Amino acid sequence: MASSIARLIRRPATILFMVRGYQHVRTFSQHIIPGLPTRVKPNRDIVQFIQTDSRYRVLSRSFASDNGDLVDTVVPFMGDSITDGTLATLLKKPGDRVEADELIAQIETDKVTIDVTSPAAGVIEKLFAKEGDTVMPGTKVAVISKSAAGSSEVSMQEKPKETPKPSSPPAEKEKVEKEQPKAEVSPLKEKPKTPTPTPKTTATEPVLPPKEREKRVPMTRLRRRIATRLKDSQNTFAMLTTFNEVDMTNLMKFRSEYKDAFLEKHGVKLGLMSGFVKAAVSGLLDQPIINAVIDGDDIIYREYVDISIAVGTPKGLVVPVIRNADKMNFAQIEKEINTLANKANEGTISIDEMAGGSFTISNGGVYGSLLSTPIINPPQSAILGMHSIVQRPMVVGKEILPRPLMYIALTYDHRLIDGREAVFFLRRIKDVVEDPRRLLLDL
């Protein structure tokens with residue numbers, strides 16, 4: 001079977017797949033072939049196999065029909081849960097020179113951004129989609145000519161310019177002017193026009209600004225997805241928020257004393273977020289109902305702790321997940337947070353890295369927020385909100401001293417979680433952050 005597939009791959013216009021006794025002819029850019037026994041090495045300009053440990057093999061190189069000189073560029077496979085997307089950016093235009101695997105366009109979905117790359121080197125002959133179009137996997141985006149050299153070729157989309165008509169000679173122009181009768185001038189003088197009085201606006205009719213001073217911009221698919229999820233959360237959950245304040249003195253001192261040695265050994269900076277993640281893990285293990293979720297008439301108790309970290313990006317809010325946070329130390333948590341945050345800001349984070357999660361932490365303090373009521377991230381049951389650290393007076397012993405304090409908030413689904421469990425959980429966060437030694441002694 002591998003040899004027959006290898007022979008078919010040398011003809012990229014038609015790819016034949018044998019799936020459970022059925023024959024399927026596809027021209028999409030990515031396919032899954034079950035039961036491929038060996039690695040196949042096809043032509044580099046057409047397709048590339050990625051060998052995995054499962055019984056599936058994925059065709060990952062973008063390709064479509066190849067009619068000799070012309071090659072079609074199509075929308076790649078977006079993921080099992082994504083059926084379409086919006087063509088957000090076209091980076092090339094007809095006549096532009098492109099290299100193999102060079103980025104042509106970007107497609108924005110409600111979860112990630114998909115890149116459309118050139119399957120071969122050449123010149124873009126024609127574009128079949130424009131920015132703002134809704135596209136699906138397999139949709140043709142552009143046609144590339146492999147034999148064209150340079151980017152000076154005229155686009156197939158451009159219309160020929162109309163040639164201006166020759167002007168009439170001066171003699172004919174004078175003759176035409178003489179033949180035209182002059183308009184008679186009326187001896188009566190026109191009456192001066194009186195300005196029409198403008199109606200006075202009443203107090204009930206406000207004066208609105210002109211439409212020219214407004215700018216209408218369509219929402220991105222990611223922003224629409226965020227809006228839908230937040231509204232669904234508000235309509236579904238019986239949300240209630242409880243608050244507490246944390247003295248950050250000991251955690252900040254702990255960080256200050258060990259940050260240099262931590263950076264030297266682990267190659268990553270020691271931040272405050274890892275302390276809150278460890279505190280949240282301790283609280284979730286202490287109050288497992290916070291880590292649970294309602295499913296119909298049942299309650300699902302999760303025996304794992306996957307912490308979602310809310311990250312604000314230029315395109316919107318994304319929530320990557322730290323898997324098995326209960327089994328990670330400070331260094332592993334800091335490295336994972338750093339990796340996921342960089343991917344989110346660069347727009348390269350995958351769907352799998354944002355899927356799931358049993359509890360969310362949102363740090364509004366990085367933007368200066370003093371207090372807020374975060375909204376639950378469905379289908380989770382609670383979310384922890386961190387805020388800015390501010391020096392405020394606090395009674396320590398019998399003295400009033402300035403202390404770095406942070407307000408923390410827990411929004412929870414009151415259908416599942418009672419106030420007792422919510423307060424105990426938030427109190428556990430406070431105790432661990434104020435005295436990190438409790439983690440070592442499991443207190």
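The values are calculated or read from the model by the stated rules, or taken from the named source; none is laboratory data. Model, not experiment: these values are computed from the prediction. So basically every Cβ, Gly included, is an ideal-geometry build from the backbone, and we count neighbours across all protein chains shown. Accessible surface is based on the protein model in full, side chains and every heavy atom, while ligands, DNA and RNA are left aside. Shrake-Rupley method; radii C 1.70, N 1.55, O 1.52, S 1.80 Å.
One residue alone among S151, S147, S155, S118 is surrounded by fewer than 19 Cβ atoms within 10 Å (Cβ to Cβ) and at pLDDT 50 or above, and that residue is S147. Taking every residue in the stretch 225-237 that is over 10 Å from N377 (Cα atoms) and pairing it with any residue that is open to solvent by 70 Å² or more (accessible area, probe 1.4 Å) and assigned to a helix (DSSP H, G or I), at least 6 positions away or on another chain, yields no pair with a Cβ-Cβ distance below 8 Å. Across the stretch 257-275, not a single residue is classified as surrounded by 13 or more Cβ atoms within 10 Å (Cβ to Cβ), among the β-branched types (V, I, T), touching a residue at least 24 places away in the same chain (Cβ under 8 Å) and within 24 Å of G419 (Cα to Cα). Of M273, M252, M248, all but one fail to be at pLDDT 90 or above and in contact with a Lys or Arg (Cβ under 9 Å, 6 or more places away or on another chain); the exception is M248.
Taken over the stretch 340-368, the criterion of being assigned to a helix (DSSP H, G or I) and of a type outside the set (D, E, K, R) is satisfied by L340, A341, N342, A344, N345, G364, G365, V366, Y367.
Only one of the listed residues (A129, A100) is surrounded by fewer than 18 Cβ atoms within 10 Å (Cβ to Cβ) and over 28 Å from R229 (Cα atoms). That residue is A100.
Of the residues in the stretch 372-382, at least one is free of Cβ contacts under 8 Å to residues at least 60 places away in the same chain, within 30 Å of T236 (Cβ to Cβ) and polar (S, T, N, Q).
Say whether the condition of being among the hydroxyl-bearing types (S, T, Y), open to solvent by less than 90 Å² (accessible area, probe 1.4 Å) and part of a loop (DSSP other than H, G, I, E, B) is met by at least one residue in the stretch 203-215. Scanning the stretch 203-215, I find no residue that is among the hydroxyl-bearing types (S, T, Y), open to solvent by less than 90 Å² (accessible area, probe 1.4 Å) and part of a loop (DSSP other than H, G, I, E, B), so the answer is no. With respect to (1) over 22 Å from S233 (Cβ atoms); (2) in contact (Cβ under 8 Å) with a residue 24 or more places away in the chain; (3) open to solvent by less than 50 Å² (accessible area, probe 1.4 Å), the lone exception for I351 is condition (1).
Within the stretch 287-314, the set of residues being charged (D, E, K, R) and open to solvent by less than 80 Å² (accessible area, probe 1.4 Å) comprises R302, D306. When residues of the stretch 387-414 are filtered for being exposed (fewer than 14 other Cβ atoms within 10 Å of the Cβ) and not in a strand (DSSP E or B), how many remain? Selection size over the stretch 387-414: 2. Beta carbons closer than 9 Å, at least 6 apart along the sequence or on distinct chains, pair a first residue in the stretch 82-97 that is more than 30 Å from M354 (Cα to Cα) and assigned to a strand (DSSP E or B) with a second that is open to solvent by 40 Å² or more (accessible area, probe 1.4 Å) and not hydroxyl-bearing (S, T, Y) for R97/A149. Under the condition of being of a type in the set (F, W, Y) and not in a helix (DSSP H, G or I), which residue from the stretch 299-339 is modelled with the highest pLDDT? Filtering the stretch 299-339 for residues that are of a type in the set (F, W, Y) and not in a helix (DSSP H, G or I), the one modelled with the highest pLDDT comes out as Y301.
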